[in-house]
Amino acid sequence: MEDAAVFGGSGSGKDGVVNAGDLLAEDIRASGCAAGVRVAIVASKSGNADGAKGDRKVNASKEGLGEGKLPSVPARDKQGREEPWPSYGAERRVWTEKMLATLHREGEGKKWFSLIDKVSRLDVLQLAWAKVQSNAGACGVDGITVEDFAKDSLERLLAVKKHLEEGSYQAKPVKRVWINKLGSRGEKRPLGIPTVRDRVVETALKMVIEPIFERGFAEDSYGFRSGRGCKDALGRVDELLQSGHVHVVDIDIKGYFDAIDREKLMGLVAEKIADGRVLELVGEFLKQKVMDGMASWEPESGTPQGAVISPLLANIYLNPLDWLLGEAGLEMVRYADDLVVLCRHPQEAEQALEQVRSWMTEAGLELHPQKTRIVAMSEVGHHFDFLGYRFWRGKGGRIRRYVRPKSKKKMQESIKPHTKRCSGKGMPAIIAKINPMLKGWYGYFRHVSKGILDGIDGWVRGRLRSILRKRSKRKGRSRGLDHTTWSNRYFDELGLFCLEQARCSELAGLR
């Protein structure tokens, strides 16, 4: 069976002026099901792009979901049948089981045709809009907020659909804003904000093409992939260190997202996708201009910061390196552009570094000369940082996890604005504000060595005691009798989240 037959349709639009009603009727006819009518009606309601039961109601694809059999995967539906979608990072409402079966069956060299009709399908755009709406976010250069888009989302999506079908879609510039860089005093970092419309199209494009590339990603790549995350990557590093891979190549790519060679990246995308209009759409987002105030320019390389599709493209670009290291028998763990290679012997680490450096040169990338290094974790006192954690070889020979100083400083910088000594808010209100931050931080750093969490707890209580001390007309930081006047139990009774208590409770539950 040809891919076009499974993933098919030309996706071409009609000539001349087409109004919203004509486009809606055409899309409903193409869907072949009455659910399309419900989708269109629900989408026109502000704040409810898919409706309360949107996931169960929408299925505009002609292919049935029971066609084709895939290899066994962990997830199962209520009837106990195998669920193939999670293993491919695919959306059920975008990819049918038949399409996934074709994806699994076809060889690596097979290309996919006729994808633009999936990107431009109304229900796919509505699903993409629902995701963008749930993520909220600021407006782009056009000034249209998520709330503004929601007021007439159906008309806007139909207009987007028409442009995609005609091949006339043009991405707007990315708005650059500067935000404070947590952990660095006085420094700011740039942030790119695409328009809401562009975020919707990028999300739809990503949902359609991501499973095609997900199938070919290496096992030890963890960043921005379905069912994988930082904790999995950190667990793998721990596992390798414990198994004797103590010579670590700590790799830092200098300005990775800004240095990606677009021509080489498009070549990698074209190895899997033959739909010219989809390739043009990817290129359209790659060459988005940046607007900072009244200044506007087009970067010569890299992927747009803040773009929905940038993480996927970044993974595609580094995937050949992942496989190169794997074929060389090296143990690699990568999360986006954070990469470590763990080896058993120092000579192996030296060879790995040289191999990575050679590949980077060919790919147009550069290793940071100061931050890229080989760390002998067999030596006491040696350490390396990865994904916010610091792995440290202690005197007892055990490798422990600490919080990277910069990560700790970032957390403290986020807490400080809400715990100023001159705060006029009541203590319960202050605690209610910082508790979600503390819980989120604990959720990620719960695996640090003993004593680290207790130190953070003490720092937080110290800032709160300083507020209470000032309200008692006393100067300076909290000390001495303050710990008795406002004891730890006092803050417990006010509901302050305690990191060390949370871990003790968690460990007790495991016993």
| said: How big is the stretch 195-299 along each principal axis, measuring the range of its Cα positions in Å and listing the largest first? | reply: 52, 33, 26
| Under Karplus coefficients 6.51, -1.76 and 1.60, residue-wise ³J(HN,Hα) of the stretch 161-174 in Hz, glycine/proline x | 4, 4, 5, 5, 5, 8, x, 10, 6, 10, 6, 8, x, 8
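Once the piece of chain linking Ser134 and Glu379 is laid out straight, how much longer is it, given 0.36 nm per residue of separation minus the C-alpha distance between them?
So the extension gain works out to 83.4 nm.
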| query | Using θ = phi - 60° and the Karplus curve 6.51 cos²θ - 1.76 cosθ + 1.60, what whole-Hz ³J(HN,Hα) does each residue of the stretch 422-430 get, with Gly and Pro shown as x? | reply | 8, 4, x, 7, x, 4, x, 5, 5
| Ranking by accessible area, most exposed first, for Arg236, Arg199, Arg474 with a 1.4 Å probe | Arg474, Arg236, Arg199
| query | So how far apart, in nm, are the two label points at Glu155 and Gln170 if each is 7 Å from Cα heading toward Cβ? | reply | 2.2 nm
| message | Greater than 28 Å separation of Cα atoms is the criterion. Which listed pairs, Lys98/Lys272; Lys254/Lys433; Lys231/Lys395, meet it? | response | Lys254/Lys433
| remark: FRET efficiency for Arg474 and Lys264 from the Cβ-Cβ distance with R0 = 45 Å, rounded to 0.05, comes out at 0.10
| If r is the Cβ-Cβ distance from His104 to Trp359 and R0 is 22 Å, what FRET efficiency results, to the nearest 0.05? | 0.15
| query | Counting only the heavy atoms of the protein chains, how much of Ser449 is accessible to a 1.4 Å probe, in Å² to the nearest 10? | reply | 20 Å²
| message | If each residue of separation counts as 0.36 nm, what is the full-extension length gain between Ala328 and Gln347 once their alpha-carbon separation is subtracted? | response | 5.4 nm
| remark: Placing each pseudo-label 7 Å from Cα in the direction of the beta carbon, Leu494 and Ser296 end up separated by a distance in nanometres of 5.1 nm
| request: Mind jotting down the distance between the C-alpha centroids of the stretch 277-327 and the stretch 447-511, whole Å? | output: 44 Å
| request: Note down the nm distance, to one decimal, between modelled labels 7 Å out along Cα→Cβ at Lys409 and at Thr485. | output: 3.2 nm
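The values are calculated or read from the model by the stated rules, or taken from the named source; none is laboratory data. These numbers come from a predicted model, not from an experiment. Cβ: placed from backbone, ideal geometry, glycine included. Neighbour counts: every protein chain shown. These area figures cover heavy atoms from the full protein model, side chains too; ligands, DNA and RNA do not enter into them. Shrake-Rupley method; radii C 1.70, N 1.55, O 1.52, S 1.80 Å.
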